[in-house]
1. Which cross-chain or sequence-distant (5 or more) residues have an amide H under 5 Å from the amide H of residue 87, H modelled 1.01 Å from N in plane?
2. Report ³J(HN,Hα) in whole Hz for each residue of the range 48-63, in order, from the Karplus equation J = 6.51 cos²θ - 1.76 cosθ + 1.60 where θ = phi - 60°; Gly and Pro get x.
3. To the nearest 10 square angstrom, how much accessible area does residue 117 have with a 1.4 angstrom probe?
4. Given the whole protein assembly as supplied and a 1.4 Å probe, what does the accessible area of residue 58 come to in Å², nearest 10?
Amino acid sequence: MEDGTVESPGYCGDTDPDYDVRQWDTRADCEVRQILDRIADKWSLLVIALLDQCSMRFTELKREIDGVSQRMLTRTLRQLERDGLVQRTVYPTVPPRVDYALTPLGASLHTTIKALVTWTENHQNEIASARFAYDRRAAEDAALVAANA
């Protein structure tokens, strides 16, 4: 970096070959971790997936997302709107009608999420086998420790 230039807020790295990807994990001024935390939580993923199909009202989203509280859904929608992923449209009716839809940015994120889901579906049997093998080894290790105690 040249003398007199300042890194922008949220600057997390550069193209330096010695760049440590873990540095954004601990830097308070880096937004990458905040964004990842937001978009990777289960409620955000479900909202984004549902809104990819069509715009929805709050009550429709709440009905479709099993287990989400009204407070958590409100919070999630506000955060996604703040991040530019969801657009909130209020219609001047009595009572007011509010629809939520993905923005183009949100739709591009859905493409990435869909790829992750597809990967999961394609590898779920391998993951199940790995879990079974791990659990079997852990049980064998526990039995061995108990036998030697």
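1. Correct list: 101, 102, 103.
2. Each residue's phi maps through the Karplus curve to give 4, 5, 5, 6, 5, 6, 5, 6, 9, 8, 4, 5, 5, 4, 4, 5 Hz.
3. Its accessible surface works out to 70 Å², give or take rounding.
4. Accessible area of residue 58: about 40 Å².
The values are calculated or read from the model by the stated rules, or taken from the named source; none is laboratory data. Note that the coordinates shown come from a computational prediction; the quantities given were computed from them, not determined experimentally. With ligands, DNA and RNA removed, areas are computed over all heavy atoms of the protein, side chains included. Shrake-Rupley method; radii C 1.70, N 1.55, O 1.52, S 1.80 Å.
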